[in-house]
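S.K.: Here it is: the structure, laid out below.
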Amino acid sequence: MIIALNNKCNFTLEEFIKYQQELNTINDKNTIILCPTSIYLTNFTKGKIKLGAQNVSSNIMGAHTGEVSASQLKSIDVDYCIVGHSERRKEQNETNAEIKEKIMRLLEENITPILCIGETKEEREQNKVNQIINEELKILKDIPNKDNIIIAYEPIWSIGTGLIPTNKEIIEVMNIIKSIYPQNKVLYGGSANEKNIDQLKTIKQIDGYLIGGMSLHPEKLKVFLEKLKN
Ligand code: PGA
């Protein structure tokens, strides 16, 4: 399984270094990918845990103040990158067209994109889940060599709220994604934690998890990983 840890905009450098030491005591067979805040990417000591970024520029290296290009990420050994996270779609007005460009830049540098898709509460209430998932997946339509792209289903109403969909609801979306892109790994993200993993792990369509809040707590993560094994 793939366990991607999205630290978001958390930790001072001192806290991050301590955190990383704790994280490195985890002994687990899953592919664990740490996505720290970008300024700490170079403070990461590569071991069993792989390195991911939380964002990339849609431009190649050049005159783009404040941006970080895919080639720059590659030059510091980043192997994965989250794209299209709902927080960026909302706060930075990222569009599907821009997200597609970001994916292209990452693939040019052999960095594996982790594409986040998912519906809002209102969209679910209006029975638009199928439509939204299909629209967001269109980003991948004309992209060649897309089989390695990881897709993360993250219902927006579930992120950071402690609420998760029912297994039936998750399975419905997983099946939509897998019917269009059967080769791609699909993660679930949104309040996944050491308590609800007993419920989530019964869903065989899930290839892994994108974890936000719990990623900040290695001791909880250890319980999560232990439960995932059994
Ligand atoms: P959460 O975040 O686990 O805190 O809900 C998941 C995410 O935003 O990737």
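Bear in mind these aren't lab numbers, they're just calculated from the coordinates by the rules spelled out. The shown structure was predicted, so the numbers you read here are calculated from the model rather than taken from an experiment. Methodologically, a virtual Cβ is constructed for each residue, glycine included, from the backbone with ideal geometry; neighbour enumeration extends over all protein chains shown.
S.K.: Would you work out the relative contact order for the chain, in percent, from Cα pairs under 8 angstrom that are 6 or more residues apart?
M.R.: For the chain, the relative contact order is 19 percent.
S.K.: Let me ask something additional. Quick check on the chain: helices-only [θ] at 222 nm, where DSSP H runs of length 4 and up contribute -39,500 (n - 2.57) each and the sum goes over total residues. Nearest 500, please.
M.R.: Taking each H run of at least 4 residues, the total per residue is -10000 deg cm²/dmol.
S.K.: For segment 65-74, in order, what is each residue's ³J(HN,Hα) by Karplus, 6.51 cos²θ - 1.76 cosθ + 1.60 with θ = phi - 60°, in whole Hz (x at glycine and Pro)?
M.R.: Residue by residue, segment 65-74 yields 3, x, 9, 10, 8, 4, 5, 5, 4, 4 Hz.
S.K.: Consider just the alpha-carbon atoms of segment 1-152 and return their Rg together with their Dmax, both in angstrom.
M.R.: 16.0, 46
S.K.: Counting Lys +1, Arg +1, Asp -1, Glu -1, what net charge surrounds THR42 among other residues with beta carbon under 14 Å of its beta carbon?
M.R.: Residues near THR42 contribute +1 overall.
S.K.: Report, largest value first, the span of the C-alpha coordinates of segment 1-71 along each principal axis, in whole Å.
M.R.: 42, 29, 18
S.K.: List, in order, the whole-Hz ³J(HN,Hα) value for each residue of segment 108-125 obtained from phi through the Karplus relation with A = 6.51, B = -1.76, C = 1.60 and θ = phi - 60°; use x for Gly and Pro.
M.R.: 4, 9, 6, 9, 7, x, 10, 8, 8, 9, x, 9, 7, 4, 4, 4, 5, 4
S.K.: May I ask you to order 207-213, 145-151 by the average number of other C-beta atoms within 10 Å around their residues, highest value first?
M.R.: Ranking, from highest mean packing down: 207-213, 145-151.
S.K.: Under a plain spin-label model, where a point goes 7 Å from the Cα along Cα-to-Cβ, how far apart in nm are GLU172 and GLU122?
M.R.: Label at GLU172, label at GLU122, 2.0 nm between them.
S.K.: OK, next. If we sort 153-162, 17-26, 80-89 on the protection proxy, mean other Cβ atoms within 10 Å, highest first, what's the order?
M.R.: 80-89, 153-162, 17-26
S.K.: Cut-off under 17 Å on the C-alpha distance; same-chain residues fewer than 8 positions from LYS121 excluded. Which lysines are left, in chain and number order?
M.R.: Cα-Cα hits under 17 Å: LYS90, LYS168.
S.K.: Please list, in chain and number order, the residues 5+ apart from ALA53 or on another chain whose amide H is under 5 Å from its amide H, with Hs placed from the backbone.
M.R.: Sorted by chain and number, the residues that satisfy this are TYR80, CYS81, ILE82.
S.K.: Going by amide H atoms built from the backbone, whose H comes under 5 Å of the H on ILE32, apart from near neighbours?
M.R.: For ILE32, whose amide H was placed from the backbone, the distant partners under 5 Å are ILE3, LYS50.
S.K.: Lysines within cross-link reach of LYS146: Cα-Cα under 17 Å, excluding same-chain residues under 8 positions apart?
M.R.: LYS100, LYS102, LYS138, LYS178, LYS185
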